[in-house]
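Participant: The structure follows.
Computed from the coordinates by the stated procedures, all read-outs in this text should not be read as laboratory data. Computed from a prediction, not measured in an experiment: that's the story for all the values here. Here the Cβ is made from the backbone with ideal geometry for all residues, glycine too, and neighbour counts use every protein chain on show.
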Amino acid sequence: MIYRREANFPYPVLTPNSNSYNNSTFTIEVELNENNYNYRFDIDFRLKCEFLNNLIDNNEAELILIIQSKDNKFYKLSKDKRFINIPKSRISLSKRTAIQLLIKSKKTMNFDSNNELILFYNRFKKDISVPKNSVLGFSNVAIFEGSLKQPFDLFEKKIDSRLKSDIKIELGIETIIINYKNKDLQFQGMNKSNTLNNHYVYMGLQKALYKFLEENSGEDEVLYINEMEVPSNGLDFKLYNLLKSKIVDEISMENIDEVIYKITDRILEKHALAIKELCINEN
């Protein structure tokens, strides 16, 4: 369960509004990303409490991540591992997802060596013992509202009757621009017209990612996203954020199509299904 209010415990617990500890804090910040297969929760937590930190370091207590959405999920975390990858088949996220980090005892604990408690506990803290699996602390609650980033914010669509070709894809300062010679090429007025344009979106992403790789990889054949400098170019910056949010670790000339699959929501499959529906309806 997630603790949203101060709960009554018969022993000291470190909480966001704890009055049992002096100058101790326990807070988290969470970044939620995804690709076609997994959700990734990157956890940045700050625990300012020598007593609890020592328990975790000595394997006498553990960190438990709670994800509350359509159901509750519990995952062990460590100081060295600050992220959790969860297959989408294993968890269902609602429009409002709550995340909290707990500290739980792994054995019977005594508070005699806890020197960060307020003076009130000094006389009897040696008598305070809690059993295995007791909650020793819990963080603030991180809340996610709404859906994750969408790749199609990258695109603009324009009609230019002066084109010498039916379609022209340009890379603008901050967007990928799909220029059409006439509106019929956009499937305007047709059911699922946006989906029928997905093959143009694919072409635009290919062109943009080739340029992204050329501009940022230098002489290397593989560009490692987490090791590269943050781009100053507007479009490259958007692509960089999209690649990170979709948990893409590397990009090269050889895996461009695989990368596009990861950062989009099955756009070619949806394009094919839309055409199939049109054919069925015509027959």
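Participant: Once you've got the Cα coordinates, tell me which of Lys70/Lys106; Lys76/Lys244; Lys48/Lys107; Lys207/Lys244; Lys158/Lys207; Lys73/Lys244 are over 26 Å apart. Kindly include the intermediate steps, with their values, before the conclusion.
Facilitator: Working: Lys70/Lys106 28 Å; Lys76/Lys244 24 Å; Lys48/Lys107 22 Å; Lys207/Lys244 19 Å; Lys158/Lys207 17 Å; Lys73/Lys244 24 Å.
The answer is Lys70/Lys106.
Participant: Taking N as the number of residues in the chain, what value does Rg over Cα atoms divided by 2.2 N^0.38 Å take? Before the final figure, lay out the partial values.
Facilitator: On the way: Rg = 25.8 Å, N = 283, 2.2 N^0.38 = 18.8 Å.
Here the answer is 1.37, to two decimals.
Participant: Within the stretch 178-219, list the GluC sites (Glu not before Pro) lying in a DSSP loop whose Cβ has at most 14 other Cβ atoms in a 10 Å radius.
Facilitator: Values: sites: Glu214, Glu215, Glu219; in loops: Glu219.
Answer by residue number: Glu219.
Participant: Can you put Leu163, Leu47 in order of Cβ neighbours within 10 angstrom, beginning with the fewest?
Facilitator: Leu163, Leu47
Participant: To the nearest 20 Debye, how big is the dipole of the stretch 154-255 about its Cα centre, given +1 on the beta carbon of each Lys and Arg and -1 on that of each Asp and Glu? Let's see the in-between values first.
Facilitator: Details: 13 positive and 17 negative charges, 204 e Å.
Result for the stretch 154-255 is approximately 980 debye, rounded to the nearest 20.
Participant: Before anything else, pin down the relative contact order of the chain: Cα pairs under 8 Å, at least 6 apart, normalised by residue count, whole percent.
Facilitator: On the way: 470 pairs, mean separation 47.1, N = 283.
Worked out over the chain, it gives 17 percent.
Participant: Something else about it: Where the only charges are on Cβ atoms (+1 Lys, Arg; -1 Asp, Glu), what is the dipole of the chain about its Cα centre, to the nearest 20 debye? Walk me through the intermediate numbers first.
Facilitator: On the way: 40 positive and 40 negative charges, 283 e Å.
Here the chain has a charge dipole of around 1360 debye.
Participant: Apply the Karplus curve 6.51 cos²θ - 1.76 cosθ + 1.60, θ = phi - 60°, to the phi angles in the stretch 15-31 and return the couplings in whole Hz, x for Gly and Pro.
Facilitator: Whole-Hz 3J(HN,Hα) from phi for the stretch 15-31: 9, x, 10, 5, 10, 8, 10, 9, 6, 10, 9, 8, 10, 9, 10, 10, 10.
Participant: Next up: Fully extended, how many nm does the chain gain between Asn72 and Asp44 (0.36 nm per residue separation, minus their Cα-Cα distance)? Don't skip to the answer; put the middle values down first.
Facilitator: On the way: separation 28, 0.36 × 28 = 10.08 nm, distance 2.06 nm.
Additional length available on full extension: 8.0 nm.
Participant: Further question on the same structure: Ranked by Cβ crowding within 10 angstrom, fewest neighbours first, how are Glu254, Glu34, Glu174 ordered? Before the final figure, lay out each step's value.
Facilitator: Working: Glu254 9, Glu34 20, Glu174 14.
Taking fewest neighbouring Cβ atoms as first place, the list is Glu254, Glu174, Glu34.
Participant: Kindly express, to the nearest 10 degrees and within the range 0 to 90, the angle between helix 267-282's C-alpha long axis and the longest C-alpha principal axis of the chain.
Facilitator: The helix 267-282 is inclined about 50 degrees to the chain.
Participant: Using the Cα centre of the stretch 151-282 as origin and beta-carbon charges of +1 (Lys, Arg) and -1 (Asp, Glu), tell me which of Ile178, Thr264, Val222 is placed farthest towards the positive end of the dipole.
Facilitator: Working it through, the farthest residue towards the positive pole turns out to be Ile178.
Participant: Using a 10 Å cut-off around each Cβ, can you sort Glu227, Glu170 from fewest to most neighbouring Cβ atoms?
Facilitator: Lowest to highest Cβ neighbour count: Glu227, Glu170.
Participant: Further question: When Lys and Arg each count +1 and Asp and Glu each count -1, what net charge do the other residues less than 12 Å away from Leu273, Cβ to Cβ, add up to? All intermediate terms of the calculation are to be shown ahead of the outcome.
Facilitator: On the way: positive: Lys192, Arg266, Lys270, Lys276; negative: Glu269, Glu277.
Charge balance near Leu273 sits at +2.
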